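> Structure provided below as structure tokens; questions to follow.
The values are calculated or read from the model by the stated rules, or taken from the named source; none is laboratory data. The structure displayed is predicted, hence computed values, not measured ones. Using ideal geometry, Cβ is built from the backbone for each residue, glycine included, and neighbour counts are taken over all protein chains shown. We work out accessible area using only protein heavy atoms, side chains counted, and drop any ligands, DNA or RNA first. Shrake-Rupley method; radii C 1.70, N 1.55, O 1.52, S 1.80 Å.
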Amino acid sequence: MTDRKDELAANLAKVERRIADACAAAGRGREEVTLIVVTKTYPATDVRILSELGVRHVAENRDQDAAPKAADCSDLPLTWHFVGQLQTNKVRSVVGYADFVQSVDRSKLVTALSKEAVRAGRELGCLIQVALDAGESARGERGGVAPAGIEELADLVAEAPGLRLAGLMTVAPLTGEYAGREQAAFGRLMDLSTDLRRSHPAATMVSAGMSADLEQAVAAGATHVRVGSAVLGVRPRLG
């Protein structure tokens, strides 16, 4: 376990340095960017080590992995983010442990999240997932709503009991006009965030950037970066 703690501490220090350097290059304070460590496929023991190392935000993208892990780590001072595509039949479970759902992309999901948040007596932070590879009315390849659909969905979240509109999230698209142009994609997200805050001033979170492109996200103005493999390592594929 000591070896693993040393490995995670070294990786975490490298990522912290990258974020700090990116903030300095962008003229931003380090405190303006929150690191979320994506712990998908890794065990609860790693989450405990990360907590000991000072990590306070963790993310998961599959409820079947996240629910038992969150239960195992319920004594830790962690904020849990759900970042994967979410089916409505998993909403009750996710609302039980998640503090934020970053992948809200359709009205049916808003209704389900609101119902379960009220039932559980919780307030759930919600980010609209924006698909920059979508047509004006379609959804993206990896979930998300097209930019034209943000306003309507944001209004629904803001009006829904038990939910709080927190901001926007995106994943750098692999297709379309922003493919391979991460800086431009994240800049577009920032423009959309500015538009959203005109009608919803409290929706200040901008979640963008992962292990490979966190510098571009910080340069664009992201408030949260979601980093997995750069902290935890790359797991060998099964089979």
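> Exposed loop sites here are GluC sites (Glu not before Pro) in DSSP loop states with at most 13 other C-beta atoms within 10 Å. What is the longest stretch of the chain lacking them?
The reported range is 1-122.
> Shifting gears a bit: Under the rule of at least 5 residues apart or a separate chain, name every residue whose amide H is placed under 5 Å from the amide H of Arg142.
none
> When the accessible area of the chain is split by element with a 1.4 Å probe, what percent falls to carbon and sulfur?
Answer for the chain is 50 percent, counting heavy atoms of protein chains only.
> Residue by residue, what Karplus-based ³J(HN,Hα) values in Hz, rounded to whole numbers, does the range 169-174 have, using 6.51, -1.76 and 1.60 with θ = phi - 60° and x for Gly and Pro?
9, 8, 10, 4, x, 8
> How large is the accessible surface per residue of the chain, computed with a 1.4 Å probe and reported in Å² as a whole number?
Each residue of the chain exposes 46 Å² on average to a 1.4 Å probe.
> Still on this model: For the chain, just run the numbers: alpha carbon Rg, then divide by 2.2 N^0.38 Å, N being how many residues it has.
Here the answer is 0.98, to two decimals.
> Here's something else I'd like to know. How high is the relative contact order of the chain? Use alpha-carbon pairs under 8 Å, at least six apart in sequence, and give a whole percent.
After rounding, I find 18 percent.
> Still on this structure, I have one more. Could you point to the residue in Ile19, Ala66, Gln102 farthest towards the positive end of the range 1-119's charge dipole, with +1 and -1 charges on the Cβ of Lys/Arg and Asp/Glu respectively?
So the residue we want is Gln102.
> Follow-up question, since we're still on this one. So, taking all protein chains as they sit and a 1.4 Å probe, how much accessible area belongs to Arg92, in Å² rounded to tens?
130 Å²
> Let me ask something additional. With Kirkwood's inverse mean 1/r over C-alpha pairs for Rh, give me the Rg to Rh ratio of the range 41-80, two decimals please.
0.91
> Here's a follow-up. Looking at this model, which pairs from Lys40/Lys115; Lys90/Lys115; Lys14/Lys69; Lys69/Lys115; Lys5/Lys40; Lys40/Lys90 are more than 21 angstrom apart at the alpha-carbon?
Lys40/Lys115; Lys14/Lys69; Lys69/Lys115
> State the Cα centre-to-centre distance between the range 42-81 and the range 175-192 in whole Å.
30 Å
> Would you please state the base-10 log of I(q)/I(0) at q = 0.11, 0.18, 0.22 1/Å for the range 78-211, with intensities from the Debye formula using one equal scatterer on every alpha carbon?
Rounded to two decimals, the profile gives -0.35, -0.93, -1.33.
> Kirkwood hydrodynamic radius of the range 53-113 from all distinct Cα pairs, in Å?
Result for the range 53-113 stands at 11.8 Å.
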